[in-house]
Amino acid sequence: MSATVKTPQRAVYPFTAIVGQEEMKLALILNVIDPRIGGVMIMGDRGTGKSTTIRALADLLPDIEVVADDPFNSHPSDPEMMSDDVKALVSAGKKPALAKKKVPMVDLPLGATEDRVCGTIDIEKALSEGVKAFEPGLLAKANRGILYVDEVNLLDDHLVDVLLDSAASGWNTVEREGISIRHPARFVLVGSGNPEEGELRPQLLDRFGMHAEIRTVRDPHLRVQIVEERTSFDRNPQIFLEDHQAQQTALQEKIVAAQHALNNVKLDRDLRVNISQVCSDLNVDGLRGDIVTNRAAKALAAFEGRAEATADDIKRVITLCLRHRLRKDPLESIDSGYKVQKAFNQVFGLSEDDEGDTAQNNSAIPSMAGAARV
């Protein structure tokens with residue numbers, strides 16, 4: 001069934017009109033194809049389109065089918081994405097009413113409390129009436145969508161831990177005074193920040209699947225193009241959206257096809273061994289780096305319509321997956337992305353000349369989608 005892009009009530013800048021920042025766009029698309037990658041941390045200069053790009057991606061995605069009037073966006077057929085009430089209803093043989101809605105895009109404000117994020121239990125009502133009175137939080141609203149935390153490096157570490165735990169497990173559990181309630185909370189976690197304002201602790205940074213670095217565009221011609229396109233959008237959003245409708249639809253259909261094909265994509269064992277060898281040579285702690293790189297490479301192959309991931313797919317994603325997992329030496333000035341690519345080239349037997357190909361290989365969106373404008 002052909003995917004369609006509906007014109008939003010409030011105009012959102014189209015994803016395919018965003019100039020440059022290919023590393024960020026690729027990381028976001030791969031996480032939408034396979035949310036198990038574990039989210040994206042986007043670090044870069046102010047005013048580089050981080051928020052615009054994330055909102056544009058959420059708007060690009062097709063509507064999802066949910067159980068009507070369910071606060072958790074429960075999936076109508078997948079038990080792993082149903083709330084307990086919906087699961088009980090389905091188990092009883094009843095068919096819940098269904099509805100379609102846009103993929104939720106939830107902004108987490110910096111000043112949010114744990115109750116606002118996780119939800120609260122009305123203890124008094126629970127004790128007096130014997131019912132589990134639960135007020136859902138932002139994690140419930142974000143289920144099956146995107147949860148965006150701007151300036152995540154300024155967020156309380158405890159809250160970041162809560163978000164990462166929910167994103168990893170797919171469930172949010174709230175416990176108060178011996179009463180426990182849980183609900184599905186599967187979302188793509190996207191954090192952004194400016195490194196000048198502080199870094200995340202390594203233990204938390206490691207929990208993000210991918211780490212994209214973006215910089216202000218220096219080419220004056222590209223800067224002028226960005227300003228002109230933004231001006232055109234602000235002047236007449238409807239015409240601007242119509243001009244990009246075909247590109248938006250093509251990219252949306254490509255993402256949907258990749259989601260359906262993902263489980264059938266293969267990755268040769270020798271390539272998996274090489275991925276782990278790179279992680280070992282770089283002294284990456286734990287196995288998250290290995291797992292995420294495997295998943296990202298397969299997601300990229302699915303996005304390009306291939307049934308098997310290649311060494312080139314690994315090369316294009318491995319820096320995104322590993323650069324934030326390297327142990328930092330305060331006296332070392334070598335870029336972590338360069339170190340990852342160098343280790344990759346050594347393990348995969350590529351020449352030194354290939355080390356400069358990272359930027360070109362990461363510019364994957366135009367060639368894959370035929371949509372992004374650079």
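The values are calculated or read from the model by the stated rules, or taken from the named source; none is laboratory data. This structure is a prediction, so every number in the text was calculated from the model and none was measured. Because the Cβ atoms are built from the backbone with ideal geometry, glycine has one as well, and the counts that use them run over all protein chains shown.
Annotations
- Taking the range 59-85 as the range and being out of contact with any helix residue (DSSP H, G or I) (no Cβ under 9 Å at 6 or more places or on another chain) and either touching a residue at least 60 places away in the same chain (Cβ under 8 Å) or over 30 Å from Ile42 (Cβ atoms) (or both) as the test, the residues that pass are Ile64, Val66, Ala68, Asp69, Glu80, Met81, Asp84, Asp85.
- Note on the range 22-39: residues that are in contact with a Ser or Thr (Cβ under 9 Å, 6 or more places away or on another chain) and surrounded by 24 or more Cβ atoms within 10 Å (Cβ to Cβ) total 5.
- Residue match in the range 99-106 (condition: assigned to a strand (DSSP E or B) and in contact with a Gly (Cβ under 9 Å, 6 or more places away or on another chain)): yes
- Hey, Leu147 in contact with a Lys or Arg (Cβ under 6 Å, 6 or more places away or on another chain), surrounded by 14 or more Cβ atoms within 10 Å (Cβ to Cβ), at negative phi and not in a loop (DSSP other than H, G, I, E, B) or not: no
- Within the range 222-250, residues that are free of Cβ contacts under 8 Å to residues at least 40 places away in the same chain have Cβ atoms under 7 Å from residues that are in a helix (DSSP H, G or I) in these pairs: Ser232/Phe240, counting only partners at least 6 apart in sequence or on another chain.
- Check on Asp78, surrounded by fewer than 21 Cβ atoms within 10 Å (Cβ to Cβ), on the phi < 0 side of the Ramachandran plot and out of contact with any Pro (no Cβ under 7 Å at 6 or more places or on another chain): yes
- Where Ser51 falls short, out of the listed (1) assigned to a helix (DSSP H, G or I); (2) modelled with pLDDT of 85 or more; (3) closer than 30 Å to Arg316 by Cβ: (2)
- Identification of strands (runs of 3 or more DSSP E) wholly contained in the range 163-252 with 1 or more residues that are assigned by TED's automatic domain parsing to the domain that holds Pro35 and over 20 Å from the mean Cα position of the chain (by Cα) yields 171-176, 179-184.
- Evaluated against (1) farther than 22 Å from Pro35 by Cβ; (2) in contact with a strand residue (DSSP E or B) (Cβ under 8 Å, 6 or more places away or on another chain), Ala309 falls short on exactly one condition, (1).
- Enumeration of residues in the range 54-84 that are in a helix (DSSP H, G or I) and either in contact with a strand residue (DSSP E or B) (Cβ under 9 Å, 6 or more places away or on another chain) or of a type in the set (Ser, Thr, Tyr) (or both): Ile54, Arg55, Leu57, Ala58, Asp59, Glu80, Met81, Asp84
- Residue check, Ala258 touching a Phe, Trp or Tyr at 6+ places or on another chain (Cβ under 9 Å) and not assigned by TED's automatic domain parsing to the domain that holds Lys25: yes
- Output for the range 338-367, where each listed residue is at pLDDT 80 or above and either part of a helix (DSSP H, G or I) or in the same structural domain as Leu200 (by TED's automatic domain parsing) (or both): Tyr338, Lys339, Val340, Gln341, Lys342, Ala343, Phe344, Asn345, Gln346, Val347
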